[in-house]
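Please read the structure below before turning to the comments.
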Amino acid sequence: MTAPLLAVDGLVKHFALSSENWFRRERPTVRAVDGVSFTLGAGETLGLVGESGCGKSTIGKLVLQLIPATAGAVRFEGRDLVDIPAAELRRLRREIQVVFQDPQGSLNPRMSVAEIVLEPLVAQGEKLTPALREYAGDLLERVGLTRAHATRHPHEFSGGQRQRIGIARAIAPKPKLIICDEAVSALDVSIQAQVINLLMDLQDEMGLSYLFIGHDLAVVRHVADRLAVMYLGRIVETGPKHTVYTAPRHPYTQALLASVPVSHPRQRRARVGVRGEIPSPLAPPPGCHFHPRCPFAQDICRNEAPPLREIAADHRVSCHFAETIVPAKG
Ligand code: SF4
């Protein structure tokens with residue numbers, strides 16, 4: 001069996017906050033990511049979904065090595081990015097790119113579009129030659145813009161066009177993996193569809209893998225091959241898209257899916273929700289983190305954290321009662 005392109009193993013990220021209480025010995029700690037494991041194959045899209053604050057964007061930053069992990073491994077083509085020498089990590093950065101949620105904030109307003117698009121190559125030491133500028137024009141055409149846009153600046157573009165610039169920048173170094181961190185969340189629904197279609201076309205042409213981070217299950221459903229549902233720093237359910245959407249076994253996944261209207265495109269943007277508020281990651285509930293909000297909770301749930309275990313081929317669920325909790329109809 002060939003190694004997956006990306007293998008995340010036991011990833012942990014805790015943020016220690018500064019304590020306002022001088023007499024308190026331990027600084028309060030946010031457990032943003034708490035032992036997350038998953039794999040992503042070449043040409044595959046994994047949708048990482050959950051409510052705001054569940055840790056999904058932190059995972060994106062950890063994979064990109066923008067922040068250090070507290071524990072665990074991030075293996076890209078078998079090499080652990082956490083441990084490799086800086087020079088090799090810099091070279092590998094070509095292979096892993098990112099498209100952020102906010103195209104406005106992620107594009108330098110003082111740079112021309114060509115300079116922005118070529119940024120990852122210049123960061124790797126390439127010179128801004130005429131040939132490279134020509135390549136920038138090719139990239140802009142590839143994402144549905146024109147060569148004439150190369151000399152303009154980000155403020156001259158709409159939100160959807162700016163996200164196309166961000167995508168052109170991401171594909172410039174011909175990466176193998178792109179992390180799409182809420183990449184279409186800030187766009188209007190009609191523009192979302194165009195950008196998603198562009199991402200899927202590029203995937204077919206370039207054999208790209210996507211780690212597609214999002215909170216809108218209707219959007220993620222469109223693009224993902226497999227899904228990983230996160231709750232308070234942990235994956236609670238993962239499996240092939242069809243399985244998770246048609247036969248979800250974790251009550252949280254079921255609640256997320258039940259809250260996604262599908263009849264009207266505008267309703268698809270409704271905020272996902274389950275009963276009650278998500279608890280603070282500063283003090284996650286003991287046992288199963290979901291138990292204060294779970295209609296099926298029993299005593300064991302309050303005391304023992306359920307492991308993420310395989311209940312069917314490639315379908316893993318973190319629930320003591322996954323076999324007996326039947327998906328709701330409708
Ligand atoms: Fe609900 Fe218990 Fe399953 Fe957690 S382990 S999701 S509390 S039934």
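FYI, it's all coordinate maths here, none of it is from the lab. On a predicted model such as this, the values are computed, not experimentally measured, just so you know. When we count neighbours, we look across all protein chains shown, and the Cβ atoms used for this are built from the backbone with ideal geometry, even at glycine.
The mean of 1/r over all pairs of different alpha-carbon atoms in the stretch 103-174, once inverted, gives a Kirkwood hydrodynamic radius of 11.7 Å. Residues whose amide H falls under 5 Å from that of Leu48, counting only those 5 or more places apart or on a different chain, are Phe212, Ile213, Gly214, Ala228, with hydrogens built in the peptide plane. If one takes the longest principal axis of the Cα atoms in the chain, at what angle in degrees, from 0 to 90 and to the nearest 10, does the Cα axis of helix 130-142 lie? With both axes taken from Cα atoms, the answer is about 50 degrees.
Close Lys pairs in the chain (alpha-carbon distance under 30 Å; sequence gap of 8 or more, or different chains): 18.
For the stretch 306-321, the Karplus equation 6.51 cos²θ - 1.76 cosθ + 1.60, evaluated at θ = phi - 60°, returns couplings of x, x, 7, 10, 7, 10, 7, 3, 6, 10, 10, 9, 9, 7, 4, 10 Hz by residue, with Gly and Pro reported as x.
Computed packing ranks the peptides 293-303, 187-197, 164-174 as 164-174, 187-197, 293-303, most packed first, by mean other Cβ atoms within 10 Å. Residue by residue, the stretch 175-184 carries 3J(HN,Hα) couplings of x, 9, 10, 10, 8, 9, 9, 6, 5, 10 Hz when phi is fed to the Karplus relation 6.51 cos²θ - 1.76 cosθ + 1.60 (θ = phi - 60°); x denotes Gly or Pro. With contacts taken as Cα pairs under 8 Å and at least 6 residues apart, the chain reaches a relative contact order of 20 percent. Peptide packing: for 47-55, 6-14, the average count of neighbouring Cβ atoms within 10 Å per residue gives the ranking 47-55, 6-14, highest mean first. The charge dipole of the chain, taken about the Cα centre with unit charges on the Cβ atoms of Lys, Arg (+1) and Asp, Glu (-1), comes to about 480 debye, rounded to the nearest 20. Backbone amide hydrogens, once placed in the peptide plane, bring Ala305 within less than 5 Å of Gly287, excluding anything fewer than 5 places away on its chain. Near the amide H of Val236, within less than 5 Å, lie the amide hydrogens of Val229, Met230, Tyr231, all on another chain or at least 5 residues away, with H placed in the peptide plane. Around the Cα centre of the stretch 105-187, unit charges on the Cβ atoms of Lys, Arg, Asp and Glu (plus for the first two, minus for the last two) sum to a dipole of about 100 debye. The string of couplings for the stretch 219-236 from the Karplus curve (6.51, -1.76, 1.60, θ = phi - 60°) is 6, 4, 4, 4, 9, 7, 8, 10, 10, 10, 9, 10, 9, 6, x, 10, 7, 9 Hz, one whole number per residue in order, with x for Gly and Pro. Mind checking the stretch 69-115 for trypsin sites (Lys or Arg not before Pro) that DSSP puts in a loop (not H, G, I, E or B) and that have at most 15 other Cβ atoms within 10 Å? Passing sites in the stretch 69-115 are Arg110.
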